[in-house]
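Asks: The structure follows.
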Amino acid sequence: QVQLEESGGGLVQAGDSVRLSCAASGRPLVGYITTWFRQPPGKEREFTASITWGGDSTYYRDSVRGRFTISRDNAKNTVYLQMNSLKSEDTAVYYCAVGRVGGRAEWEYDYWGQGTQVTVSS
């Protein structure tokens, strides 16, 4: 099995930058698509960004495109989410998920981390 652990969240100010990490253990994420979801207060989880194993393809929701960058270091079995120009609307619990299929729906993913809270104060 795969275990995922997110880290890097915390309380930040609007305009700040934060890098989240998703470290996988158990086995390498070879061939997996990794996606960051987020769940704002009172809302459902929403797709945020995805990256393929080779890093050749990335996807972003419109509201974060140009501000967030997803990347991975396969040698460390870790996926990152660099978040710049943070807004209060980015406040959410951020979850890392991996799956063989990949997509924008939660059911497409096999493994999930516990999440890390990002709170952006304005």
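Each value in this text was obtained by applying a stated rule to the coordinates, not by laboratory testing. Everything quoted here is computed from the prediction, not taken from an experiment. Don't worry about glycine lacking a Cβ; one is built from the backbone with ideal geometry, like all the others, and counts go over all protein chains shown.
Asks: Roughly how many debye, to the nearest 20, is the charge dipole of the chain about its Cα centre, given +1 on each Lys and Arg Cβ, -1 on each Asp and Glu Cβ, and no other charges?
Replies: That gives a dipole near 140 debye.
Asks: Where is the GNM fluctuation largest for the chain (alpha-carbon springs, 10 angstrom cutoff): SER57, SER85, SER21?
Replies: Per the Cα network of the chain with a 10 Å cutoff, SER57 tops the list.
Asks: Mind checking the full-extension length gain between GLU46 and GLN114? Use 0.36 nm per residue of separation minus the Cα-Cα distance, one decimal, nm.
Replies: Roughly 22.9 nm would be gained on extension.
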